[in-house]
Amino acid sequence: MIQYKVLLIEDNKMLRENTAEILSFANYDVITASDGKEGVKLAKKVKPDVIVCDIMLPKLDGYGVFHIISQNEETNRIPFIFLTSKGTREDIRRGMGLGVDDYITKPFEGYELLKSVETRIKKSNRVKSISEVIEQSSGEDLFETLEELIAYLLNREAHPYKKGETVFCEGNYSNCMYLIKKGVVKTHKLSENGKELITGFHFENQFFGYTSLMAHCAHTENALAVEDAKLIKIDKEEIEELLESNPHLSLEFLELIANNYKDVKERMLHMAYDSVRGRIAKTLLMLNDIDCGVSLSRADLANLTGIAKETLIRTLTEFKDAKLIEVDKKSFKILKKNELDKIQ
């Protein structure tokens, strides 16, 4: 069994010893340091698998430790976890904004620490695996298209999400993107009075959550499983490694982001200038083109269009009476596409 090395940098002797004991019980090889400068020296010397570091340290604080570690080619890929009593939103924002992998606030449960360390090591191993595959590609592009990348990623273990379960929340820091192996996910925003606006639906073999990841910012929307789903997480470091080593893939990914921006912009224009009938018609045509095979509730369809549910139901009835569509409880069929397309 592989014994992973954890470098623990903590100036409080009692907390350092107790934390080291917790990690040792979980079969980690723990190396400790009592100040920032000593921690940096040990990191360069022993090359740990993960670093757990306090922020308020003598000689060199945690931010300084992370800066030096992240600038060194031999240590900049080591997962870094802040362990601190500075738990305000601003402190967390600063730490995560720098690129720190996780932020654990004191006091903490042993399980919380162990879970974070385990998760960061698994993430690091995935990135190393990708790096090894890239090195074996003999300088050629490992993936020339997104389809090839998707086919590769679909072989990974997927995380299950139940219908209605949240994937991420607006304001949370983004450290990965997602590939849908099964199911449907919706992204949405909530107004101060609780009104929902759906920003998009994402289906099997599609990526989502990449905009905030690439912009190095917090999520600007929420994501929720519309039905039972299986999602594959792709870590930030891993996607950066893939894009840096595959020029063709980088271009396709840029095109994906550009198309997403274009689609959102067009939807906003329709919502601003089209009539209610026109907005509903455009939404129905969009869903028909996707041919996703998912049944949307009337509430979701209304929130996607940006109108009241009652208005949606009334307009769908009008379309049905005009024999433009067929409607049942949670699905519809377009009968006269050209006529729907003419509605403004």
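Some observations on this one:
- Computed from point charges on the beta carbon alone (+1 for Lys and Arg, -1 for Asp and Glu), the dipole magnitude for region 38-85 about its Cα centre is near 140 Debye.
- Kirkwood Rh, Cα atoms: Rg over Rh of region 146-268: 0.95
- For region 274-342, the Cβ-based charge dipole about the Cα centre amounts to some 120 debye (Lys, Arg positive; Asp, Glu negative; other atoms uncharged).
- Prolate/oblate/rounded call for region 1-91, Cα gyration tensor, a/c under 1.5 rounded: oblate
- Put in order of Cβ neighbour count within 10 Å, fewest first, the listed residues Phe203, Phe143, Phe108 become Phe108, Phe203, Phe143.
- Working note: Karplus 6.51/-1.76/1.60 with θ = phi - 60° gives region 109-118 the couplings 7, x, 4, 4, 5, 4, 5, 5, 4, 4 Hz, where Gly and Pro are set to x.
- Once the Cα atoms are used to define both axes, helix 309-321 deviates from the longest principal axis of the chain by about 40 degrees.
- Taking the Cα centre of the chain as origin and assigning +1 to Lys and Arg Cβ atoms and -1 to Asp and Glu Cβ atoms, the resulting dipole is close to 1140 debye.
- For region 274-342, the equivalent ellipsoid built from the Cα gyration tensor has semi-axes of 15, 14, 12 Å, listed from largest to smallest.
- Cross-link pairs beyond the 31 Å C-alpha cut-off, checked among Lys236/Lys309; Lys162/Lys309; Lys189/Lys236: Lys236/Lys309
- Helix 62-71 and the longest principal axis of the C-alpha atoms of the chain enclose an angle of approximately 80°.
- Value of relative contact order over the chain, rounded to a whole percent, pairs C-alpha under 8 Å and six or more apart: 12 percent
- GNM result for the chain, Cα springs below 10 Å: residue of Glu252, Glu238, Glu310 fluctuating most strongly: Glu310
- Taking the C-alpha atoms of the chain, convex hull volume expressed per residue in Å³: 157 Å³
- Proximal lysines relative to Lys342, as straight alpha-carbon distance under 18 Å, when same-chain residues fewer than 8 apart are discounted: Lys282, Lys320, Lys323, Lys333
- Folded to 0 to 90 degrees: helix 276-290 orientation relative to the chain principal axis, Cα: 60 degrees
Every read-out reported here was derived from the displayed coordinates using simple, explicitly stated rules and does not represent laboratory data. What you see is a predicted model, and the numbers here were worked out from it, not measured in a lab. Cβ coordinates were reconstructed from backbone atoms using ideal geometry, including for glycine residues, and neighbour counts include every protein chain displayed.
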